[in-house]
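Pasting a structure below so you can have a look.
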Amino acid sequence: MQCSIFKRTGLLIVFALNFAGAAVAQTVKGNLKDNAGNPVNAHGAGILYHDGTYYLFGEIKKGKTWLVPGQQWEDYRVPAGGVSCYSSKDLTHWKYEGVALAPTKGDTSKDVDTSRVIERPKVIYNIKTKKFVLWMHVDKKDYSYSQSGVAVSDKPMGPYRYLHSVKPNGKMSRDMTVFQDDDGKAYLIYSSEQNKTMQVCLLTDDYLSPTKTFSRILIGKNREAPALFKSGGKYYLITSLCTGWSPNAAMYAVADKPLGPYKEFGNPCKGPGAEKTFEAQSTYVLPVKGKPGSFTFMADRWNKLDLPKSDYLWLPLTVEGNKVIIEDK
């Protein structure tokens with residue numbers, strides 16, 4: 001959700017490919033364009049890999065940026081634009097698939113109305129129900145609602161049908177992600193308790209609701225922007241501090257099970273700009289196919305004064321032992 005405006009130095013996109021043509025590492029700095037030459041509009045994004053295709057889902061940022069009055073932080077907003085979807089075979093060429101979840105307009109009681117907040121959409125596939133399940137953070141403009149919303153579709157690109165929102169086990173849910181484990185179980189990970197903790201909650205078998213199985217982690221650490229991934233049988237959680245839209249240092253934690261307990265480590269970023277996550281904020285970590293221990297760290301470079309001009313930072317991430325390394329070379 002949050003990082004600051006900073007000077008743009010232009011667009012850099014670098015892709016490293018293996019001999020089979022599958023992406024093994026990539027770097028994106030700046031705008032990302034689709035096959036038609038239009039800027040990719042998918043912020044707070046996540047990626048679903050299904051039947052040989054990558055599907056990128058993200059927040060649609062468009063319209064005039066405005067500041068919500070009376071808040072204790074810089075609560076900059078644009079009208080909620082819904083969730084976009086792009087597809088790719090190689091992570092280099094992106095086809096715009098359209099609006100996966102469209103917002104409503106003119107009914108402020110609806111969770112996905114343009115007057116509300118729709119953030120950090122993530123999609124997983126349920127092999128039992130044959131449904132694609134989209135989770136997202138839904139909120140009011142002042143963040144007083146603090147719930148997770150869920151939608152479903154028969155197709156990866158949608159359209160998705162919005163079902164409901166929930167406070168998992170009665171606890172507020174803000175910045176969030178979902179994680180699907182190798183055994184088919186899925187988890188919702190979210191900032192809670194006024195962002196003072198993270199919580200990890202097991203979802204029901206159909207992935208549509210939280211269960212009563214959950215844990216409180218990173219207690220009193222004031223973390224958000226969670227990105228959970230698995231490597232070598234262990235679970236790694238990258239988060240950011242809560243500093244409005246201003247950038248800050250990332251942190252990672254490691255556990256033997258998705259529900260924890262998690263052992264906290266320091267900043268995984270290395271090199272110039274590491275103390276502010278290279279002016280970006282985590283949103284997702286994508287495994288590199290066929291290369292254990294190698295991942296793509298996906299982050300947003302927020303432009304708080306003109307949110308539609310926010311862009312992206314994707315960097316190679318490696319795991320060596322329990323050590324996570326993200327380096328902007």
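From largest to smallest, what semi-axes in whole angstrom does region 30-110 give when each is the square root of 5 times an eigenvalue of its alpha carbon gyration tensor? Walk me through the numbers on the way to the answer.
Numbers: eigenvalues 157, 42, 26 Å².
Over the Cα atoms of region 30-110, the semi-axes work out to 28, 14, 11 Å.
Which far-off residues, 5 or more places away or on another chain, put their amide H under 5 Å from the one on ALA225, with H placed in the peptide plane?
Residues meeting the amide H criterion: ASP175, SER240.
Also, I was wondering about something else. What is the packing order of peptides 262-269, 83-90, taking the mean over residues of other C-beta atoms within 10 Å and listing the highest first? Intermediate results must be reported in sequence, preceding the final value.
On the way: 262-269: 17.2, 83-90: 21.4.
So the order, starting with the most tightly packed, is 83-90, 262-269.
Any chance you could tell me what percent of the C-alpha pair distances in region 181-265 go past 17 Å?
Result for the distance tail: 45 percent.
Can you give the accessible area per residue of region 117-276, in Å², using a 1.4 Å probe?
Counting only protein heavy atoms, the per-residue value for region 117-276 is 39 Å².
Below 8 Å between Cα atoms, with a sequence gap of 6+, how large is the relative contact order for the chain in percent?
Numbers: 927 pairs, mean separation 54.3, N = 329.
Relative contact order comes out at 16 percent.
Karplus couplings for region 32-47 from phi (6.51 cos²θ - 1.76 cosθ + 1.60, θ = phi - 60°), rounded to Hz, Gly and Pro as x?
For region 32-47, the Karplus curve yields 10, 10, 8, 5, 8, x, 8, x, 5, 10, 8, 9, x, 7, x, 10 Hz.
Let me ask something additional. 5 Å is the cut-off here: which amide hydrogens, built 1.01 Å from N in the peptide plane, fall below it relative to THR213, excluding neighbours closer than 5 in sequence?
Sorted by chain and number, the residues that satisfy this are LEU202.
Now, a different point. Taking a cut-off of 19 Å between Cα atoms, list the aspartates and glutamates near LYS89, but don't count ones fewer than 8 places away on the same chain.
ASP34, ASP51, GLU97
Further question: The chain: D in µm²/s via Stokes-Einstein (Kirkwood Rh, Cα pairs, 25 °C, 0.890 mPa s)?
Details: Rh = 19.5 Å.
Answer, rounded: 126 µm²/s.
Give me the percent of the accessible area of region 147-276 that comes from carbon and sulfur atoms, probe 1.4 Å, all protein chains in place. Before the final figure, lay out each step's value.
Details: 2650 of 5150 Å².
Ligands and nucleic acids excluded, carbon and sulfur reach 51 percent.
With 18 Å as the cut-off, how large is the P(r) tail for region 118-275, expressed as percent of Cα-Cα pairs?
Details: 7073 of 12403 pairs.
Pairs farther apart than 18 Å: 57 percent.
A further question on this structure: For SER153, what charge total do you get from the other residues with a beta carbon under 15 Å from its beta carbon, if Lys and Arg give +1 and Asp and Glu give -1?
+1
Another question, if that's okay. Once amide H atoms are placed 1.01 Å from N in the peptide plane, what residues at a sequence separation of 5 or more from LEU305, or on another chain, have their amide H within under 5 Å of its amide H?
ILE5
So what J values fall out for region 120-133 if you push phi through Karplus, 6.51 cos²θ - 1.76 cosθ + 1.60 with θ = phi - 60°, rounded to Hz, Gly and Pro as x?
After applying 6.51 cos²θ - 1.76 cosθ + 1.60, I find 6, x, 9, 10, 10, 9, 9, 5, 6, 8, 6, 10, 9, 10 Hz.
Highest mean first, what order results for 49-56, 220-227 on Cβ atoms within 10 Å? Mind showing how you got there, number by number?
Working: 49-56: 15.1, 220-227: 21.4.
Result, highest mean first: 220-227, 49-56.
Around ILE217, under 12 Å between beta carbons, what's the net of Lys plus Arg minus Asp minus Glu among the other residues?
Numbers: positive: LYS196, ARG216, LYS221, ARG223, LYS257, LYS263; negative: GLU193, GLU264.
Taking every other residue near ILE217 into account, the sum is +4.
The values are calculated or read from the model by the stated rules, or taken from the named source; none is laboratory data. Everything numeric here is computed off the predicted structure, so don't read it as measured data. A quick note on method: Cβ atoms are made from the backbone with ideal geometry, for glycine too, and the neighbour counts reach across all protein chains shown. Ligands, DNA and RNA are stripped out before the accessible areas are found, and what is left, the full protein with its side chains, is counted by its heavy atoms. Shrake-Rupley method; radii C 1.70, N 1.55, O 1.52, S 1.80 Å.
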